[in-house]
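Colleague: Sending over a structure as C-alpha cells; questions will come in a sec.
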Amino acid sequence: MLTLPPVAARRRDRLRGDNIVVRSSRLAIYLSLICSLFLVLTACRVPGAVRPTVKIGLVAPFEGRYRHLGYDLLPAVRLAVQEANDAGGVEGVGVELIAYDDGADPDAAIVQARKLVIDPDVMVVIGHFQEGTTGAALPVYTEAGMPVVTLEPVAGGAGVVSLGPAPEDLAGRLLDGLESGVLLDGGGALGRALRREAEERGIALAPVVTPGEPGWLEIVLESAPEVVLCDADPVTAGEAVAALRAAGWEGGFLGGPSLGMEDFVSVAGAAAEGARFVAPSRSLDQLAYEAARLVLDGLAADITAEGTPTRAGMASALAARAEGRSCPLAWYEVGE
C-alpha cells in the first residue's frame, strides 16, 4: 500500500475538500435554476392551465309555491354562461354560476344575499324575481357595493339595474281608456304608480282596498265597479277574483305581470277566465337570458378597461349598457 508523504497527503485532503465545495456550489446553482424556471412557468398561462374565474350569483325561488319561476329561468341563465365559457371565457376569464334558493320569502332572500356579498369572487347578482324578495335583499347588496340585475319594478339606485317594465309604464297602459275603477292594492310599486297616474289623469280610482283585509269584498261590491285593477301577488290576486266572481260581480279584472303567472290561474280556477293584464312581450326565460347576457357584456367591458373585474367596475359597466334594454309591453287575456 502506497503511503503519501505528509505534504502530499495534506494536498490530497485539501483537494478533496475543494471538490466538495465545488460540487455543493454546482448543486446550489442547479437548484436555483430549477426554482427560477418553475416560477417562470407557473407565472405563464400554458395550454391546459386553469384560467382565472369570477362568479355570478343567481337567487330565485327553487322551492315552495313559486319554485317553477326558478326552474323556468335557471336553464336560460346557465345557457348564457355556458356559451361564454365554451367560447374561451369572458376576455379569457371563466365564469361560474352559483344559484341560491330564497323560496320567495323575504327573510330567506336576505340570508342568501348575505352569503353572496361575503364571497369576494362574486361580482354581480341576478335576482330575485319577486318584488318582495328583491326589495328585501337590495339593502344588503347596496351596503356591500354588489351590483344587481333584476326583472322586478323596484326602485333603482347605485348598482341596481332593472330590466323589468317600469311601474309607470304598466300603470299608463292599464289606465288607458278608463274613467273610473277600484284598486286592489297589494302595496307594490304598480299600485303606487296607478294611484299617481290616475290622479294626474283625473281618473276616479276609488275605493282603494287591500285584498284579504276584513270587509274588503263588501266594500268593492258596494261600489259596483265596472273595472277592478289589481296590484297583488298571483295567489292573492287569484283568491280575490275568485271571491268577486263567486259573489256575482261580472266586471273587468285588470292587472300587471302577476296575472300572467300560473299560480294566478291555478288559484282562481275558472274565475281567471277573461282577466286581462299588461306584461313584457317576451317570456321570463327570454328575459332571464337577456339579463345574463347583459351581465356578461358588462364583465367583458370591466375586464377590458381595468384588467381585473371589480364590483364597482361592474356597476358602472352595467349602468352604461342597460339603457334601452327594457322590453316592450303587450296586452294579454287569460284563456286566449
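Colleague: Once the dipole of segment 286-336 is set up with Lys and Arg at +1 and Asp and Glu at -1 on Cβ about the Cα centre, which of Ala322, Pro309, Tyr289 lies farthest towards its positive end?
Modeller: The residue sitting most towards the positive pole is Pro309.
Colleague: Karplus couplings for segment 220-236 from phi (6.51 cos²θ - 1.76 cosθ + 1.60, θ = phi - 60°), rounded to Hz, Gly and Pro as x?
Modeller: Couplings: 5, 5, 5, 7, 6, x, 6, 9, 10, 9, 10, 10, 8, 5, x, 5, 4 Hz.
Colleague: Among the trypsin sites (Lys or Arg not before Pro) in segment 78-152, which ones are in a DSSP loop with at most 13 other Cβ atoms within 10 Å of the Cβ? Mind listing them?
Modeller: When the trypsin sites (Lys or Arg not before Pro) of segment 78-152 are filtered for loop state and at most 13 Cβ neighbours within 10 Å, nothing remains.
Colleague: Using the Cα centre of segment 177-280 as the reference point, and only Cβ charges (+1 on K/R, -1 on D/E), how large is the resulting charge dipole? Debye, rounded to the nearest 20.
Modeller: So the dipole magnitude of segment 177-280 works out to roughly 180 debye.
Colleague: Still on this model: How much length, in nm to one decimal, is gained on full extension between Arg51 and Ile110, taken as 0.36 nm per residue of separation minus their Cα-Cα distance?
Modeller: Extending this stretch completely gives an extra 18.1 nm.
Colleague: A further question follows. Apply the Karplus curve 6.51 cos²θ - 1.76 cosθ + 1.60, θ = phi - 60°, to the phi angles in segment 114-122 and return the couplings in whole Hz, x for Gly and Pro.
Modeller: 5, 4, 6, 6, 8, 8, x, 7, 7
Colleague: How do Glu63, Glu143 rank when sorted from fewest to most other Cβ atoms within 10 Å of their own Cβ?
Modeller: Ordered from fewest to most neighbouring Cβ atoms within 10 Å, Glu63, Glu143 come out as Glu143, Glu63.
Colleague: With Cβ to Cβ distances under 12 Å as the rule, what net charge do the other residues near Glu336 carry (K, R +1; D, E -1)?
Modeller: Cβ neighbours under 12 Å give a net charge of -1.
Colleague: Ok, one more. What is the sum of charges around Glu199, taking Lys and Arg as +1, Asp and Glu as -1, for the other residues whose C-beta is under 15 Å from the C-beta of Glu199?
Modeller: Within the 15 Å Cβ shell, the charges total -1.
Colleague: Right, another one. Starting with the fewest neighbours, write out Trp249, Trp331 ranked by other beta-carbon atoms found within 10 Å of each beta-carbon.
Modeller: By the 10 Å Cβ count, ascending: Trp331, Trp249.
Colleague: What order do you get for Val295, Val122 when you list them from fewest to most C-beta neighbours inside 10 Å?
Modeller: So the ranking, lowest neighbour count to highest, is Val122, Val295.
Colleague: What is the sum of charges around Val235, taking Lys and Arg as +1, Asp and Glu as -1, for the other residues whose C-beta is under 13 Å from the C-beta of Val235?
Modeller: -3
Colleague: So what are the ³J(HN,Hα) numbers for segment 97-112, from phi and the Karplus equation (6.51, -1.76, 1.60; θ = phi - 60°), rounded to whole Hz, Gly and Pro as x?
Modeller: Computed from phi, the couplings for segment 97-112 are 9, 10, 10, 10, 9, 10, x, 6, 10, x, 5, 5, 4, 5, 4, 5 Hz.
Colleague: Sticking with this structure for a sec: Below 8 Å, C-alpha to C-alpha, sequence gap of six or more: please give me the relative contact order for segment 177-280 in percent.
Modeller: Relative contact order of segment 177-280: 26 percent.
Colleague: What is the set of long-range amide H partners of Leu97 at a cut-off below 5 Å, with H atoms built 1.01 Å from backbone N?
Modeller: Ile56
Colleague: May I ask for the Rg/Rh ratio of segment 185-314, computed from Cα atoms with Rh as the Kirkwood radius, given to two decimals?
Modeller: 1.17
Colleague: Report the GluC sites (Glu not before Pro) located in segment 233-264 that are in a DSSP loop and have at most 14 other Cβ atoms inside 10 Å of their Cβ, or state none.
Modeller: Sites meeting the loop and neighbour criteria: Glu250.
Each value in this text was obtained by applying a stated rule to the coordinates, not by laboratory testing. Because the structure is a prediction, the values reported are computed rather than measured. With ideal geometry, Cβ positions are generated from the backbone for all residues, glycine too; neighbour counts draw on all protein chains shown.
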